[in-house]
Amino acid sequence: MATTRQKAWNNQPRRHSPWARPKLTTEQRADIARRLADGERPQDLALEYGVTASLIRQLR
């Protein structure tokens, strides 16, 4: 059974590292959104940009 301290730790919001950089630039995100609207498949775009298809789907 988890202690009160462990429960508090588990319920903290997750924070990204201040040194982590986004995988895609703003221009790339705009280009992906446009290409998705034109009917390109998320899997194909993910391979091209080196990210996951789920990340591409989030940009719709």
Apply the Karplus parameterisation 6.51 cos²θ - 1.76 cosθ + 1.60, with θ equal to phi minus 60°, to every residue of region 47-56 and state each ³J(HN,Hα) to the nearest whole Hz, in sequence, with x for glycine and proline.
-> 5, 5, 8, x, 10, 7, 5, 5, 5, 4
Crossing angle, helix 26-37 versus the chain [Cα axis fit, 0-90 degrees, rounded to tens] = 60
Calculated [θ] (222 nm, deg cm²/dmol) that DSSP helices of n ≥ 4 give over the chain, each run adding -39,500 (n - 2.57) | -15000 deg cm²/dmol
Determine the principal axes of the Cα atoms in the chain, then give the extent along each, sorted from largest to smallest and rounded to whole angstroms.
-> 52, 25, 17
Take the solvent-accessible surface of the protein heavy atoms, probe 1.4 Å, and return the percent of it on the chain that carbon and sulfur atoms account for.
-> 52
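The values are calculated or read from the model by the stated rules, or taken from the named source; none is laboratory data. Worth saying up front: this structure is predicted, and the values here are computed from it rather than measured. The accessibility values were calculated without ligands, DNA or RNA, using every heavy atom of the protein model including side chains. Shrake-Rupley method; radii C 1.70, N 1.55, O 1.52, S 1.80 Å.
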